[in-house]
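Worksheet: the structure to be examined is printed underneath.
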Amino acid sequence: MAPISKNIRNLRHLKDYKSKIDDFLQNLMLEARDEGHGEVVDLSEHILMAGGKRIRPMLLLLTYEMLKGENIEEVLPLATAYEIIHTATLIHDDINDNSKIRRGVKTIHEIEGPAKAQITGDWLFVIGFGLGGQYQKQIVDLMAETCSKMASAELKQIEHIHNISTTIDEYYNIIEGKTAGPFASGCKAVAILTGQPEDVQEALYNFGMQLGLAFQLVDDLLDVIGDDRLGKPRGLDILEGKMTLPLLLGIQNLKNENKKELLDLISKFHLHDLEKVLHLLKISGSIDYCRTLVNEHLNSAIREIDFIEDNQAKRMVLELAHYVRSRYD
């Protein structure tokens with residue numbers, strides 16, 4: 001797992017927020033264990049408490065403060081709900097992708113088999129919605145719509161596995177549903193919770209969407225240029241047949257023998273071929289262009305909240321946005 005960037009100035013403050021989330025999760029699991037759900041709690045904790053940067057829930061807590069929310073306990077269950085639902089989707093994704101490592105530990109299906117992993121993911125979805133269901137109908141409806149879009153996007157991604165004809169628009173449709181949508185939904189939910197008018201709600205939604213797009217693009221880049229801090233081997237997205245933006249741009253931009261070589265490498269990819277693939281992606285300009293897109297999405301995100309007056313929480317939100325970029329620096 002990549003550590004929180006040293007570039008975030010108020011590191012202690014962020015650690016405090018992460019601790020609040022971790023403590024809330026631990027207490028939630030303890031209560032569930034006391035109610036007799038020991039095995040599913042053990043399996044859930046294996047991934048849920050294995051690490052994770054907690055970017056999503058920290059973003060929600062900080063957004064709440066940025067919008068002048070006065071009681072952090074009011075938003076903590078909502079922020080944690082988004083984290084738990086996110087973890088549930090990871091467990092299900094790992095089954096679909098037959099992934100062996102998640103957050104530096106073995107995946108649940110690798111240890112206990114797909115049936116127990118599926119049940120664990122389902123249980124976490126229920127727990128997440130139970131937390132989200134404490135809030136007003138508008139927030140619950142928003143969360144339900146977000147999860148529906150996540151499922152549709154996952155189906156689209158499965159359809160495009162190993163599909164070299166995947167378009168850039170199709171790629172963006174997938175990541176908007178799977179990754180960026182939950183960022184956007186969470187930020188908007190906080191705006192609803194704090195009683196903001198519709199224009200502010202939409203601005204926060206757009207902020208989260210652009211931030212989430214940047215986050216996913218960085219993940220795509222890290223799959224080819226990252227290091228061991230990721231908690232999983234580089235090149236797994238290619239191995240699993242996922243058509244990430246660096247690959248799609250490489251296929252689009254390369255010509256003749258270079259394009260043929262890249263397509264051959266992708267079609268029969270082994271992890272030891274990663275450096276060859278990375279070399280071709282660099283030649284194509286794909287890596288540099290993806291970095292440019294990350295900056296554009298982050299700049300767009302920041303512009304969406306320009307109207308919010310400066311305060312400590314807003315500065316922290318902006319630092320968190322800059323952290324997204326710093327993950328590959």
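The values are calculated or read from the model by the stated rules, or taken from the named source; none is laboratory data. In this text, all values refer to a predicted model and were calculated from it rather than measured experimentally. Note that each Cβ is placed from the backbone with ideal geometry, even for glycine, and that neighbours are counted across all protein chains shown.
Tally the residues that are among the basic types (K, R) and in a helix (DSSP H, G or I), restricting the search to the range 63-75.
Here the count works out to 0.
From the list L60, L90, L78, which one is outside any loop (DSSP other than H, G, I, E, B), touching a strand residue (DSSP E or B) at 6+ places or on another chain (Cβ under 9 Å) and within 22 Å of M209 (Cα to Cα)?
Being outside any loop (DSSP other than H, G, I, E, B), touching a strand residue (DSSP E or B) at 6+ places or on another chain (Cβ under 9 Å) and within 22 Å of M209 (Cα to Cα) holds for just one of L60, L90, L78, which is L90.
For the range 105-116, how many residues meet the condition of being without any contact (Cβ under 8 Å) to a residue 24 or more places away in the chain and part of a helix (DSSP H, G or I)?
The qualifying residues number 4.
For E31, indicate whether it is surrounded by fewer than 18 Cβ atoms within 10 Å (Cβ to Cβ) and either more than 29 Å from Q201 (Cα to Cα) or modelled with pLDDT of 95 or more (or both).
Yes.
With the condition being under 30 Å from N71 (Cα atoms) and free of Cβ contacts under 8 Å to residues at least 60 places away in the same chain, I'd like the helices (runs of 4 or more DSSP H) fully within the range 214-320 carrying at least 1 qualifying residues.
Where helices (runs of 4 or more DSSP H) fall fully within the range 214-320 and carry at least 1 residues being under 30 Å from N71 (Cα atoms) and free of Cβ contacts under 8 Å to residues at least 60 places away in the same chain, they are 286-304.
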